[in-house]
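Visitor: Just dropping this structure here.
The values are calculated or read from the model by the stated rules, or taken from the named source; none is laboratory data. Keep in mind it's a predicted model, so treat the numbers as computed, not measured. Cβ placement follows ideal geometry from the backbone for every residue including glycine, while neighbour counts extend to all protein chains displayed. These area figures cover heavy atoms from the full protein model, side chains too; ligands, DNA and RNA do not enter into them. Shrake-Rupley method; radii C 1.70, N 1.55, O 1.52, S 1.80 Å.
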Amino acid sequence: MEGFHPSMTSPFSYTFPISGAGSSTNTSNLTSATYSTSTLWMNSRIWSKLPQRLLERVIAFLPPPAFFRARCVCKRWYALLFSNTFLELYLQVSPHRHWFMFFKHHKTRKSYIYKNSNNGSGCGSCEEGYLFDPSDMAWYRISFAIVPSGFSPASSSAGLLCWVSDEAGPKTMLLCNPLVGSLTQLPPTLRPRLFPSIGLTISPTCIDVTVAGDDMISPYAVKNLTSESFHIDGGGFYSLWGTTSSLPRLCSLESGRMVYAEGKFYCMNCSPFSVLAYDITSNNWFKIQAPMRRFLRSPNLVECKGKLLLVAAVEKSKLNVPKSLRVWSLQACGTMWVESERMPQQLYIQFAELEVGNGFECVGHGEFIVIMIRGTDKALLFDICRKRWQWIPPCPYIAHDGFELHGFAYEPRLATPVTTLLDQLALPFQTFTA
């Protein structure tokens, strides 16, 4: 194999420092340590003669940090990212990784508006994200320098993060794959909005986006009145925000995000607590009563393994019921909740001492739920399959003064072919001021 020349520049920008359990490890040290333990049993004369197809199959199983390190071995491996044959194989055999992407969120800001610069670090408008691998309890750092200023992350699906424009008015959205540095623009919404809730779901054959609430009824006033949806699929059908629907009366969407499960978008409704559901197929909104709604605090909707879950603290001050954090699952009928999990009481006491009534945010992915305590760098990981609760080590790449982490479910992928459907729209990419 021809050696990879270090002067070759990558077509994208990424940063993948490696750390585990809160400690930082140099990439070169990791590589040399692996080599020293493996040379005892790996015969290079045998392994160097593996068929290329089999070798690519092995590489396709690597987690993203290991894959990008492997690309430095030779030109052939470096070019795998641009090989349609390899990417097709990768999409077929690469295991699903239920990771999370976090961003710094200013404690005093509402909705999904983020600090789109790293003041004090000299990064200018270079937004950083922080990948968390719950299986290895490891943090990684990745750059979003390709995303222009004035945009904030609002949703995610199928390896893509949806960034929405911060300015009031018709919303422009960008779909970004941070691993390969791709950026795809959606056409702007038709209605002017301030900070709407954003729902995104991407399947192998279609893209659906729903934007709801915060309709601007004047330059100085907003009201939750309508939603509008974007759809495009491989069958040639598309709707560019032409599908609109009225929201239920007196709804209050304060979370700024939606959760997708089983053909519907869900979001929390406040005052009083309930769940708003949007059926994509029927273009219809409806309300679902929340369990124990009079006693809930900091309710959060998450999606895990295709099911909608509600995570909330329960406080019955006038009844002889201990305070707790509980998880409910929405049943197939779509109206009934069943309690599925409850945080151990001793752990909840420790959790409550750190939380001190400030609230918490949750994000779910696969078999994992991350519970982040507002105003702190503390977070819990709940493994649904193993029924195991454990504290997450703090992210080693950020100082937490004035900021907290806001997370999304994120499955790292090297490609999302369905985005090529957007090329059919012949939409010129708008130039944004950096």
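Visitor: Step by step: first the residues of the range 220-265, then only those that are open to solvent by 50 Å² or more (accessible area, probe 1.4 Å) and within 14 Å of PHE195 (Cα to Cα), then the one that is modelled with the lowest pLDDT. Which residue is that?
Guide: SER255
Visitor: In addition: Hey, among LEU89, LEU131, which residue is modelled with pLDDT of 90 or more, over 23 Å from CYS162 (Cβ atoms) and buried (at least 16 other Cβ atoms within 10 Å of the Cβ)?
Guide: Residue meeting the stated conditions: LEU89.
Visitor: Give LEU194, LEU179, LEU161 a once-over and let me know the one that is modelled with pLDDT under 95, open to solvent by less than 20 Å² (accessible area, probe 1.4 Å) and not basic (Lys, Arg).
Guide: LEU179
Visitor: Being crowded, with 19+ Cβ neighbours inside 10 Å and either more than 22 Å from ARG141 (Cβ to Cβ) or modelled with pLDDT of 95 or more (or both) is the filter here; which residues of the range 385-405 pass it?
Guide: ILE392
Visitor: Taking the stated definitions as given, is HIS98 open to solvent by less than 50 Å² (accessible area, probe 1.4 Å) and either basic (Lys, Arg) or at pLDDT 50 or above (or both)?
Guide: no
Visitor: While we're here: Which numbered condition trips up SER38, out of (1) at pLDDT below 65; (2) open to solvent by 50 Å² or more (accessible area, probe 1.4 Å)?
Guide: Among (1) at pLDDT below 65; (2) open to solvent by 50 Å² or more (accessible area, probe 1.4 Å), the lone unmet condition for SER38 is (2).
Visitor: Every residue in the range 345-360 that is outside any loop (DSSP other than H, G, I, E, B) and among the hydrophobic types (A, V, I, L, M, F, W, C), please.
Guide: The answer is LEU347, ILE349, PHE351, ALA352, LEU354, PHE360.
Visitor: Name the pairs: first residue in the range 373-387 and on the phi > 0 side of the Ramachandran plot, second residue not acidic (Asp, Glu), Cβ to Cβ under 7 Å, at least 6 apart or on different chains?
Guide: Close Cβ pairs satisfying both conditions: GLY375/LYS107; GLY375/ASN358.
Visitor: Another question, if that's okay. Looking for whichever is over 23 Å from the mean Cα position of the chain (by Cα) and either buried (at least 16 other Cβ atoms within 10 Å of the Cβ) or among the aromatic types (Phe, Trp, Tyr) (or both) here; the options are GLU355, GLU361. Which one fits?
Guide: Only one candidate qualifies: GLU355.
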